[in-house]
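Laboratory data are not the source of any read-out in this text; all were calculated from the coordinates shown. Since the structure is predicted, the reported quantities are computational estimates derived from the model, not experimental observations. As a convention, Cβ positions derive from the backbone with ideal geometry for all residues, glycine included, and neighbour counts pool all protein chains shown.
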Amino acid sequence: MSETKVAQTNSKKRQSERTLPATFYRSKDLYEESLDSIFARSWQLVGRFNEGESFNIDLKPGMMESVTLLPGSLNEPLLLTRTLNVIALESQNKQKNSKPQPAHGLEPEPPFNLTCLSNVCTHRGALLLETGKEEAIPPQGLRCRYHGRRFNCDGTFQSAPGFENVDNFPQEADHLKRIEIHNWGPFTFASINPACSFEEFIQPMRDRLAFLELDKLVYKPELSCEYDIEAHWALYVDNYLEGLHIPFVHPSLSAVLDLKNYRTELFAMGNLQLGAANSKADTFDLPPQCPDFGQAMGAYYYYLFPNMMFNFYPWGISLNIVAPTSHQTTKVYYRTFVLDPSRMQSYSPSDIKQTEMEDEDVVELVQKGIQSRVYKSGRYAPVWEQGVRQFHGLIAKFMDKNLALF
């Protein structure tokens, strides 16, 4: 068969595919299964999820802090520690001794490690540090206050009263589990059982937007909030991933976007919707090395599976974290970070809230509609719903299920 016919066959196959069945959104059992199959294997932002707080980690050297990974969903207790990186310090000292010192005479900052551990003692499961607390790391290391078991700051077992004569002790399971953690700009990500490397997860967004000076982002609590939605988390994501609804649901947003040039680019763990702007909108100052150089780009809408939305504008970032709270309810954490205050004239809190309310209204309408005994599933609009189709495919892949069998 020729390449043209193969392409035509694949295109027809894609066009005949159906969306996730309504039973996926209705099922409490599938929801519970998705927490382990999808969310526990995903990369999530680490930080403080209290009302209005930033996700940024600003832990001082010599301190430890307990955090919860995706509260309300995973509820995984983690412990962050920041300690001196002795190996890096020795290397820094060697370089300092072998090179002339700068005229200003300033000493370089000593290197510190940010380590992420399970916050659960390996003896009987007590929390090592109560949720939401920040304390100085004791000189003797981490100690469980229940039975006195001690660990080093890297999680390795140190001692345990009552276990002095126990055979084959300690074993690997007696160390605190070390959780993989990575930074990108001001954001810290962790995963307790990652299905993909962090590099695969972040590279498409990081490389495309390398021209942005993320270290200059400033968190704006007054422009940040949370929304509670009476709908399944995946319905909120479905809505985000397509622009077909924009002219019908978002008249003010439609007025500044060039929907004729709307397009979606897919990558392994997410996708990008490119917000081409019309003449009324502010646009990015793109460098020649950017693949979009010469185009009027008003926004980059990045989705990272399963629940993160990074919306980049000329003024900064609006970040949405979609946190399932049940099979029928969702909390969305909306956080705003400003990069260029001089471009904020294009930012309208009332317009953004209006768009959010419009989205919530239609998502909650769908939540009610999928309870129908008549509706089973739909078809994908080929151009507009590529991201939705990819999202559903990733759900099926992570849950190891045939979509039609949900």
Positive end of the charge dipole of the chain (Lys, Arg +1 and Asp, Glu -1 on Cβ, about the Cα centre): tell me which of L114, P287, L304 has its Cα farthest that way. L304
State the extension gain, in nm to one decimal, for the chain segment bounded by V383 and C196, taking 0.36 nm per residue of separation less the distance between their alpha-carbons. 64.6 nm
Which of the cysteines found in the chain have nothing to pair with, since no other Cys Cβ lies under 4.7 Å from theirs? C116, C153, C196, C225, C290
Which aspartates and glutamates, if any, have their Cα less than 14 Å from the Cα of K177, not counting same-chain residues under 8 positions apart? E76, D154
From the phi angles alone, apply the Karplus equation (6.51, -1.76, 1.60; θ = phi - 60°) to the range 63-70 and give each ³J(HN,Hα) in whole Hz, x where the residue is Gly or Pro. 10, 10, 9, 8, 9, 10, 7, 6
Any idea what angle helix 198-208 forms with the longest principal axis of the chain, computed on alpha-carbon atoms, 0 to 90 degrees, nearest 10? 60
By how many degrees, 0 to 90 and rounded to 10, does the Cα axis of helix 28-37 deviate from the longest principal axis of the chain? 50
Consider the candidate values [x] 28; [y] 35; [z] 21; state which one is percent of Cα pairs over 36 Å apart computed from the structure displayed. [y]
Along the three principal axes, how long is the range 250-406 when you take its alpha carbons, biggest first, rounded to the nearest angstrom? 51, 33, 26
Only counting other Cβ atoms within 10 Å, I'd like W384, W184, W43 sorted with the fewest neighbours first. W184, W384, W43
Among Y380, G270, T355, whose Cα projects farthest towards the positive end of the dipole of the range 265-406, with charges put on the beta-carbon of Lys, Arg (+1) and Asp, Glu (-1)? Y380
For the range 158-167, Karplus couplings with θ = phi - 60° (6.51, -1.76, 1.60), whole Hz, Gly/Pro x: 10, 6, 8, x, x, 10, 4, 10, 7, 6
Links exceeding 24 Å between C-alpha atoms in this model, out of K260/K397; K376/K401; K376/K397, come to K260/K397
In debye to the nearest 20, how big a dipole does the chain give about its Cα centre with +1 on each Lys and Arg Cβ and -1 on each Asp and Glu Cβ? 800
Simple spin-label estimate for D36 and F248 in nanometres, 7 Å along Cα-Cβ: 3.9
Helix 349-369 sits at what angle to the longest principal axis of the chain, using alpha carbons and giving 0 to 90 degrees rounded to 10? 80
Given Cβ point charges of +1 (Lys, Arg) and -1 (Asp, Glu) and nothing else, what value in debye, to the nearest 20, does the dipole of the range 190-255 about its Cα centre take? 220
